[in-house]
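Here is the structure we will look at.
The values are calculated or read from the model by the stated rules, or taken from the named source; none is laboratory data. Remember, it's a predicted structure, so these values are computed and weren't measured experimentally. Using ideal geometry, Cβ is built from the backbone for each residue, glycine included, and neighbour counts are taken over all protein chains shown. We work out accessible area using only protein heavy atoms, side chains counted, and drop any ligands, DNA or RNA first. Shrake-Rupley method; radii C 1.70, N 1.55, O 1.52, S 1.80 Å.
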Amino acid sequence: MNDRMTTPWGEVALARFPEDPRDRLRAWDASDAYLLRYLAQQDVPLTGTVVVLGDRWGALVTALAAHHPVQITDSWLGQEATRANLARAGAGPGTVRLLTTQDPVPERIDLLLVRVPKSLALLEDQLLRLAPAVHPGTVVIGTGMVKEIHTSTLRLFERILGPTTTSLAEQKARLIFCTPDASLSRPANPWPYVYDLPGGLGALSGRPVVNHAGVFCADRLDIGTRFFLQHLPRTDGTGRVVDLGCGNGIVGTAVALADPRTEVLFTDESFQAVASAEATFKANGVPGHAEFRVGDGLTGVPDGSVDVVLNNPPFHSHQATTDATARRMFTGARRVLRPGGELWVVGNRHLGYHMTLKRLFGNCRLVAGDPKFVVLKAVRRG
């Protein structure tokens, strides 16, 4: 949905990526607007190096493009949305420096604007990475919806950067004000975090899993993935398998461990996730070939080139619950699968993925189920 956000410097047209006329979710919210109003009303200097962390769809850097900010994001989709929104606003290439959460950070930061992420771990990791570039004169302002800002959020700012306060709420949004303290003794960055798989998984038991901050269930094996690992398909060593929405990559790594002749493509829209998947694969010493790709699902994968797609689709986009991502993943899987190729999906039983798969593939079989999860298989017939 293409929408317009009113800022103190005029209106900007914004959209999520990929653009879908059926998608009614906006590319900005009240917390973005609140932060921009505050910057203008308080005449906050927009000089020096302006860094915007966690700008979800580019709303903040698009509004501030005249000040040449640096955007840092974990989302490939968010980065593409930013490019499109900047172009829509007439900002030329290079106006905004686009960085990922895996890139080296600027050496000096004069204004740090933080859109509070859903993941507290990602916020911790990124603040610790940025802290050395913050100086006593740096202005640090965070923003988020009231439901996204908790006592633990404020404690992170205080522990890593310095004394922190909050604003009054406006339209269910709140601002965070942090005063950098150069004398603060910061903790070591605990990310990436490595744990060993629990018992009961056969040959996988005790295997290491590497997780960068922000990856789903980064400190433990989630129960859905555990269930999936117990019911993965067997490969004959001649095929190409995709771990779609790979997260930390343990599903694709499990397939490669079972048959190193299998070629596995790990893909996710999160830079943190793909870095985790590659680290997990290498930590397990798998001798087979693998490819690691950050991008929009299966975009760029040739039609009819894949034998098996493995998928544990997300059903949230930041704070919004939606099945749009799952539907796009399933549609992409049908396109890239060869005739006879299989899509294997694990999901919460109540989500009803079997109905979507039957519409797309004309078939869907229950492979396994328990009171909470199901593993489903759909076959491309032609």
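Let me have the relative contact order for the range 282-375, percent, based on Cα pairs under 8 Å that are six or more residues apart. All intermediate terms of the calculation are to be shown ahead of the outcome.
On the way: 105 pairs, mean separation 24.8, N = 94.
With pairs under 8 Å counted, the relative contact order is 26 percent.
Each residue of the range 156-162 was assigned a 3J(HN,Hα) from its phi angle through the Karplus curve 6.51 cos²θ - 1.76 cosθ + 1.60 (θ = phi - 60°); the sequence is 4, 4, 5, 6, 9, 10, x Hz, with glycine and proline shown as x.
The aspartates and glutamates whose alpha-carbon is closer than 14 Å to the alpha-carbon of Lys118, local same-chain residues fewer than 8 away aside, are Asp55, Asp74, Glu148.
In the full protein context, the chain carries 43 Å² of accessible surface per residue, based on a 1.4 Å probe and ignoring ligands, DNA and RNA. Sites listed here are GluC sites (Glu not before Pro) in the range 1-80 whose DSSP assignment is loop and whose Cβ has at most 14 other Cβ atoms within 10 Å: Glu19.
Residues whose amide H falls under 5 Å from that of Ala173, counting only those 5 or more places apart or on a different chain, are Val146, with hydrogens built in the peptide plane. Taking a ≥ b ≥ c as the square roots of the eigenvalues of the Cα gyration tensor, an a/c ratio of 1.5 or more together with a/b no larger than b/c marks the range 63-118 as oblate. Taken one residue at a time, the phi angles of the range 135-151 give Karplus couplings (6.51, -1.76, 1.60, θ = phi - 60°) of 10, x, x, 5, 8, 10, 9, x, 8, x, 6, 3, 5, 9, 10, 10, 4 Hz. Gly and Pro are set to x. Estimated from helices alone, the mean residue ellipticity of the chain at 222 nm is -8000 deg cm²/dmol (sum of -39500 (n - 2.57) over DSSP H runs with n ≥ 4, per residue).
In what sequence, largest accessible area first, do Arg381, Arg186 appear using a 1.4 Å probe?
Values: Arg381 170, Arg186 90 Å².
My answer, sorted largest first, is Arg381, Arg186.
On the accessible surface of the range 82-129, probed at 1.4 Å, how many percent belong to carbon and sulfur atoms?
Details: 1030 of 2030 Å².
Summing carbon and sulfur atoms, their accessible area is 51 percent of the total for the range 82-129.
Ignoring aspartates and glutamates fewer than eight residues from Lys358 along the same chain, the ones with Cα atoms less than 18 angstrom from its Cα are Asp323, Glu342.
Taking Ser167, Ser185 and ordering them by how much accessible surface each has at a 1.4 Å probe, largest first, produces Ser185, Ser167.
So, R0 is 25 Å and r is the distance between the beta-carbons of Arg261 and Leu201; what FRET efficiency does that work out to, to 0.05?
Numbers: r = 22 Å, r/R0 = 0.86.
The pair Arg261/Leu201 has a calculated efficiency of 0.70.
May I ask you to derive the FRET efficiency for His150 and Thr299 from their Cβ-Cβ distance with R0 = 35 Å, giving the value to the nearest 0.05?
Values: r = 35 Å, r/R0 = 1.01.
Computed FRET efficiency for His150 and Thr299 comes out at 0.50.
With θ taken as phi - 60° and the Karplus curve 6.51 cos²θ - 1.76 cosθ + 1.60 applied, the whole-hertz 3J(HN,Hα) list for the range 344-360 is 10, 10, 10, x, 4, 4, 6, 6, x, 4, 4, 5, 5, 5, 5, 5, 7 Hz, x standing for glycine and proline. Placing pseudo-labels 7 Å out from each Cα toward the beta carbon at Cys217 and Ser185 gives an inter-label distance of 3.7 nm. Sorted largest first by accessible area at a 1.4 angstrom probe radius, with every protein chain in place, the residues His350, His68 fall in the order His350, His68.
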